[in-house]
Amino acid sequence: MDAALGWEFFGHRMKRFVPLLIVSSLALALPAPRLSVTESNGYRVITSNGLPDHKPGTFPRKGNPNTIAAQNHTFRVPLKPVVAERPVSSQHASFAVALNGVPFEPGTAEFWNFDPDAGWKYEAMSGRIDLGLDEHNAHVQPNGSYHYHGLPAGLIAKLGGDGKTMRLVGYAADGFPVYTSFGYSDPADPKSPLKKLRSSYQVKQGTRPGGPGGKYDGTFTEDYEYVAGSGDLDECNGVYGPTPQYPAGIFHYHITAEFPQLSRLYKGTPDSSFQKRGPGPGGPGGPPGGGPKGGPGRGRRGGPGLGGPGGPEGGGPRGSGGPPPRRGERELGPLDAPPFPPAER
């Protein structure tokens, strides 16, 4: 236990420099990771305590004053996902759940001048704001929830590493699978060489018209725009084609090294169990970026539609890993076991 100087936060947002009492989460005995996976009524149900199956970074730390704590995560994803008529904004929701039960969070709650109404949101992976990310591209929310903002390095290592095969790391809220940045160089040909796929988002040219001012440089979500064809992936940071788990072909997301890392748009309809806060059902949205107060559509003021997927956040027994399967359910075991694509079983 150490006394140190640190930032006072609102959410993850830095407000002022104050003395903090730092207690390392590694000095406190964390419970063992708990994970339960069942199939029921056309859904895969993942219940976890949100603790990773790899050693996390030390928290609290500079940029993140929060301590890791067990959670009550219960996520539900459709076994047979369907592409929606238009992409759906992922605001106010966890985007996906990793194979170890840890959530993926694409955005932040940090705004320029601490003003959400200004519309300039900081990017966690930009390197221009210190949010205390650990070596797994993860950090901790004020409630103790550990979550990934990018490629989950520790999980990837436990699964066998990256670059030699397409590596499944989780499932998005709409049920479509999530892979690392490596995919087939020809998305339609599983025999084509693997390559690191690139996002089709680019930093805008010119200077910001208001707010923080200055040149667009990737500090804020609004600094980016989607340029179709400039990379390998679509506006949802994904592509259609075969994967090792879905040889017949499926839309699948990739986590890229560059923006947006995790998609800010769902290709399908997200389940309400991933909802965190904010308005009800999320409307269709254009690619992330746009400008402050941007609504659906494209262009400077065409950011994602405001509002996330509707419904209350799912819940489950506290720290128990979930109840045993009821009649009609099947216990599948850990998600980091060889995945079973239910639609093809």
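Values quoted throughout were computed directly from the atomic coordinates according to the rules given, and no laboratory measurement underlies them. What you are looking at is a predicted structure, and each value in this text was computed from that prediction instead of being measured. As a convention, Cβ positions derive from the backbone with ideal geometry for all residues, glycine included, and neighbour counts pool all protein chains shown.
For the range 91-180, the equivalent ellipsoid derived from the alpha-carbon gyration tensor has semi-axes of 26, 14, 12 Å in decreasing order.
Distance between the pseudo-spin-label points of K195 and K55 (7 Å out from Cα toward the beta carbon): 3.8 nm. Take the Cα of K276, step 7 Å toward its Cβ, do the same at S185, and the gap between the two points is 3.8 nm. Using the Cβ-Cβ distance between Q245 and S126 with R0 set to 41 Å, the FRET efficiency works out to roughly 0.80.
Other residues lying with their Cβ under 11 Å from the Cβ of Q141 contribute a combined charge of 0, Lys and Arg counting +1, Asp and Glu -1. I'd like the trypsin sites (Lys or Arg not before Pro) in the range 33-85 restricted to DSSP loop residues with at most 16 other Cβ atoms within 10 Å, sorted by number. Counting only loop positions with at most 16 other Cβ atoms within 10 Å, the trypsin sites (Lys or Arg not before Pro) in the range 33-85 are K62. Counting charges near I156 (Lys, Arg +1; Asp, Glu -1) among other residues having Cβ under 9 Å from its Cβ returns a value of +1. If a spin label sat at a point 7 angstrom from the Cα of Q205 along the line to its beta carbon, no backbone N atom of the range 226-247 would be nearer than 11 Å.
Label sites at K62 and E85, each approximated as a point 7 angstrom past Cα along Cα to Cβ, lie 5.1 nm apart.
Near D130, once Lys and Arg are set to +1 and Asp and Glu to -1 for all other residues with Cβ below 11 Å from its Cβ, the sum equals +2. Across the range 73-203, the mean sequence separation of Cα contacts (distance under 8 Å, 6 or more residues apart), normalised by length, yields a relative contact order of 21 percent.
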